[in-house]
Amino acid sequence: METNQYQTRHQVLIAAQTLPAAGAEEASNEIQTPDTEYVSLYLAYTRGAAGGAVTFDILTSPETSGDHWYQTVAKSANAPAAGVDTANNVQREELIYTSVGATQEKFIYGPIEIDKTVERLKVVFKESGVVGTPGDIEGTILLG
């Protein structure tokens, strides 16, 4: 069977499953991303109890194999002023989605620009709301 462009660009990131209890982490599939300029995550979360939330970390690797993973960062941009150096804070970033209802909630994160500099990508998920009653997660990734 031939693979069409949509099947190649849109891949399963994490199959539908219940997150581990007690805030334990669950890693997604490793996605090969050579020659990829951007990625978008299409995620669906169903809370296990009121107050449920999912935390996810996006990890990338510049290598085709091995265990060297780097977490994305958030940057605070201060306004530059003439004649004065500007300092900006940078810190590893965790992303948190908190549910608003009891049914499955679908959301998109991205596009994330990777400019052909990442060979592999994975996402680590954990229940961060009501860790004793974890919710369900599933998702795909679009490579562009």
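The values are calculated or read from the model by the stated rules, or taken from the named source; none is laboratory data. Remember, it's a predicted structure, so these values are computed and weren't measured experimentally. Because the Cβ atoms are built from the backbone with ideal geometry, glycine has one as well, and the counts that use them run over all protein chains shown.
Contact map, the range 123-140: residues that are at pLDDT below 95 paired with residues that are buried (at least 22 other Cβ atoms within 10 Å of the Cβ) and not hydrophobic (A, V, I, L, M, F, W, C), Cβ distance under 8 Å, separation 6+ or inter-chain. No pairs are found.
Please determine, by comparing only the residues of the range 89-133 that are hydroxyl-bearing (Ser, Thr, Tyr) and exposed (fewer than 14 other Cβ atoms within 10 Å of the Cβ), which one is nearest to Thr33 (Cα to Cα).
Within the range 89-133, the subset hydroxyl-bearing (Ser, Thr, Tyr) is 97-99, 103, 109, 117, 128, 133.
Still in the list and also exposed (fewer than 14 other Cβ atoms within 10 Å of the Cβ): 103, 117.
Details: Thr103: 32, Thr117: 9 Å.
Here the residue is Thr117.
Taking the range 63-106 and the strands (runs of 3 or more DSSP E) fully enclosed by it, the elements with 1 or more residues that are more than 24 Å from Glu25 (Cα to Cα) are at 73-76, 89-92. Each residue in the range 17-36 was checked for being charged (D, E, K, R) and surrounded by 14 or more Cβ atoms within 10 Å (Cβ to Cβ), and 2 of them qualify.
Output yes when any residue across the range 26-38 is within 21 Å of Ile108 (Cβ to Cβ) and of a type in the set (Phe, Trp, Tyr), and no when none is. Within the range 26-38, one or more residues are within 21 Å of Ile108 (Cβ to Cβ) and of a type in the set (Phe, Trp, Tyr). Find the residue count for the range 107-119, including only residues that are assigned to a loop (DSSP other than H, G, I, E, B) and either acidic (Asp, Glu) or over 27 Å from Ser65 (Cα atoms) (or both). The number of residues fulfilling the criteria is 2. Restrict the check to the range 49-66 and report whether at least one residue is exposed (fewer than 13 other Cβ atoms within 10 Å of the Cβ) and closer than 17 Å to Phe107 by Cβ. No: the range 49-66 contains no residue that is exposed (fewer than 13 other Cβ atoms within 10 Å of the Cβ) and closer than 17 Å to Phe107 by Cβ. Just one residue in the set Thr36, Thr72, Thr60, Thr64 is out of contact with any helix residue (DSSP H, G or I) (no Cβ under 8 Å at 6 or more places or on another chain), polar (S, T, N, Q) and within 19 Å of Ser128 (Cβ to Cβ); that residue is Thr72.
Among the residues of the range 31-49, write down those that are within 23 Å of Ala15 (Cα to Cα) and assigned to a loop (DSSP other than H, G, I, E, B). Give the steps one after another, and end with the answer.
Keep residues of the range 31-49 that are within 23 Å of Ala15 (Cα to Cα), which gives 31-34, 36, 38-49.
Once the filter is applied, which keeps residues that are within 23 Å of Ala15 (Cα to Cα) and assigned to a loop (DSSP other than H, G, I, E, B), the range 31-49 yields Thr33, Pro34, Thr36, Arg47, Gly48, Ala49.
If we scan the range 74-91, do we find a residue that is modelled with pLDDT of 95 or more and of a type in the set (A, V, I, L, M, F, W, C)? It would help to see each step written out before you state the result.
Within the range 74-91, the subset modelled with pLDDT of 95 or more is none.
No, the range 74-91 contains no residue that is modelled with pLDDT of 95 or more and of a type in the set (A, V, I, L, M, F, W, C).
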